[in-house]
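Written out below as structure tokens is the structure these notes cover.
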Amino acid sequence: MGPCVICGQPANDLHHVTGRGRDHAYLDPDLYLSLCHDDHELVHEDLRAEQVDRPTEEASAGRRVAYRLRRTALLLVRVAESVSSLQWLARLAEALRRWASELEEGEADGDR
């Protein structure tokens, strides 16, 4: 499994970056990272705090993509905070959040 991508310690968990869909199947099954147990717990705390820890119930493609972007952004922030040479990931995470908001706004406009 290799080292935890956040702290470098031996990893014992796989974290699926974009989570699960309504059917509880992984949205992107091949998009995962190796994490140690403690960092895996911290990542899930981040997801719960932003309310993107549960399978997405969003029906539209735009909302599903926004959900994935938000989950990915949270993970990138956690990695950037831990690995000083990867601070550019924090800027990428902010861009992902912005893109998610743009998608959600576009979806909301379409709903009206």
Review point. Once amide H atoms are built 1.01 Å from N in the peptide plane, which residues 5 or more positions from residue 11, or in another chain, come under 5 Å H to H?
Key: 2, 4
Exercise for review: Kindly write out, for the range 102-108 in residue order, the coupling ³J(HN,Hα) from the Karplus curve 6.51 cos²θ - 1.76 cosθ + 1.60 (θ = phi - 60°), rounded to whole Hz, with x marking Gly and Pro.
Suggested key: 4, 4, 5, 5, x, 5, 5
Review point. What is the helix-to-structure angle for 37-49, meaning the angle in degrees between its Cα long axis and the longest Cα principal axis of the chain, kept from 0 to 90 and rounded to the nearest 10?
Key: 20 degrees
Check your understanding: Remind me, relative contact order of the range 55-112 in percent, using alpha carbon pairs under 8 angstrom and six or more residues apart?
Key -> 40 percent
Check your understanding: What is the Cα centroid distance between the range 92-107 and the range 63-77, reported in whole angstrom?
Key -> 9 Å
Revision key, fill the gap. With Cα springs under 10 Å, the Gaussian network model of the chain assigns the largest mean-square fluctuation among 83, 52, 17 to 83
Practice item. Lys and Arg at +1, Asp and Glu at -1: add these up for the other residues within a Cβ distance under 9 Å of residue 100 and post the number. Key: +2
Check your understanding: Name the GluC sites (Glu not before Pro) in the range 22-87 that are in a loop by DSSP and that have at most 14 other C-beta atoms within 10 Å, would you?
Key -> 50, 57
Review point. Amide H of residue 20: which non-local residues (sequence gap of 5 or more, or other chain) have their own amide H closer than 5 Å, using H built in the peptide plane?
Key: 27, 56
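Throughout, read-outs are computed from the coordinates displayed, never taken from laboratory work. Bear in mind that the values here come from a model prediction, so they are computed numbers and not experimental data. Cβ coordinates were reconstructed from backbone atoms using ideal geometry, including for glycine residues, and neighbour counts include every protein chain displayed.
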